[in-house]
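*Asks:* Take this structure, written in structure tokens, and hold onto it; I'll ask about it next.
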Amino acid sequence: MEALGVIPREDVGVYLTAKVGQSQCFISANHKLIKILVQQTGEFECLTPSEFVNKYLNSLNKKIRLF
């Protein structure tokens with residue numbers, strides 16, 4: 001994969017684990033990896049940790065407060 005310029009060599013194991021595990025969302029502080037995954041494969045929703053918190057946990061907190 002690295003030879004194709006899709007996934008950096010140091011991240012191939014992480015990518016394959018997510019792919020084989022049928023992940024729906026990929027969270028990483030590695031901005032280069034996230035950018036490549038989104039642009040080249042489109043297989044996962046790729047977010048940084050702060051993006052994940054803002055998207056999923058903040059909305060969950062709002063729903064919990066309503067009850």
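No value in this document is a laboratory result; all are computed from the given coordinates. Source: prediction; values computed, not measured. Here the Cβ is made from the backbone with ideal geometry for all residues, glycine too, and neighbour counts use every protein chain on show.
*Asks:* Using the Kirkwood radius built from alpha carbon pairs, what does the Stokes-Einstein equation give as D for region 24-65 at 4 °C and 1.567 mPa s, in µm² per second? Spell out each step's value before the answer.
*Replies:* Working: Rh = 10.9 Å.
After rounding, the answer is 119 µm²/s.
*Asks:* If we count other beta carbons within 10 Å of each Cβ, what is the order of GLU45, GLU10, fewest first?
*Replies:* Numbers: GLU45 15, GLU10 11.
Listed from fewest to most nearby Cβ atoms, that is GLU10, GLU45.
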